[in-house]
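**Student:** The following block contains the structure, expressed as structure tokens.
The values are calculated or read from the model by the stated rules, or taken from the named source; none is laboratory data. Everything quoted here is computed from the prediction, not taken from an experiment. Neighbour counts run over all protein chains shown; Cβ positions are idealised from the backbone, glycine included. Surface areas here come from the heavy atoms of the whole protein model, side chains and all, with no ligands, DNA or RNA. Shrake-Rupley method; radii C 1.70, N 1.55, O 1.52, S 1.80 Å.
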Amino acid sequence: AVAAQETKLPDIQPALLKNGMKIHLMPAGNVPIVHIKLVLESGAALDPAGREGLASLTTDLLQEGAGSRDAQAMALLVDGWGAHLGASTSQDLIVLDLQVLSSYTPEALELMADLVMRPRFAQADVDRIKELTLAQTQAIRDRPDVMIRRAYPFLQFGNHPYGRPPTGTLAGLTA
């Protein structure tokens, strides 16, 4: 039998940015990659009744342009860095995630600040992402496995916000 080895994570170092934002740093040895994760206490459970999907739609739109960059400029920038930018919504959280070479850290932090402080929400992007989300929501009707996963929270939580799918409903997305 192989003995279990204890895993020791590096010490997490709290820090405070000039703007007052609290951050936590965890060195990853000699790997020249920075993984920036911004976790916002928000999410689908806070969607207003009748507007189910608003948090998810908003999260998707954060990747479509911020600050002086439109969707295409932002995609070219992130691709040019060889980085990965992601965003997700759960019932209680919105998570923005950027993995980038450490040499781009200042620019990456600027981009993350733009995403949360200066999102663009251009009407063309809103319309396109909403249309895509509606099409995806309609397409799952043909997938019993997905329908069951979407129905389970309702069976467990009923009309509580946790019973609604984080990605929204057709009615909520068309409101």
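**Student:** Quick one: would you say THR59 is under 19 Å from the mean Cα position of the chain (by Cα), closer than 30 Å to THR174 by Cβ and touching a residue at least 60 places away in the same chain (Cβ under 8 Å)?
**Tutor:** So THR59 does not fit the description; no.
**Student:** Let me ask something additional. In the range 26-57, what count of residues is obtained for those that are among the polar types (S, T, N, Q), open to solvent by less than 30 Å² (accessible area, probe 1.4 Å) and closer than 24 Å to GLU107 by Cβ?
**Tutor:** 0
**Student:** Now for a different question. Report those helices (runs of 4 or more DSSP H) wholly inside the range 95-175 carrying at least 1 residues which are in contact with a Ser or Thr (Cβ under 6 Å, 6 or more places away or on another chain) and surrounded by 12 or more Cβ atoms within 10 Å (Cβ to Cβ).
**Tutor:** 170-174
**Student:** Next question, about the same structure. Would you please name the residue that is surrounded by the fewest Cβ atoms within 10 Å (Cβ to Cβ), looking only at residues in the range 58-79 that are of a type outside the set (A, V, I, L, M), farther than 19 Å from LEU38 by Cα and touching a helix residue (DSSP H, G or I) at 6+ places or on another chain (Cβ under 9 Å)?
**Tutor:** Among residues in the range 58-79 that are of a type outside the set (A, V, I, L, M), farther than 19 Å from LEU38 by Cα and touching a helix residue (DSSP H, G or I) at 6+ places or on another chain (Cβ under 9 Å), the one surrounded by the fewest Cβ atoms within 10 Å (Cβ to Cβ) is SER68.
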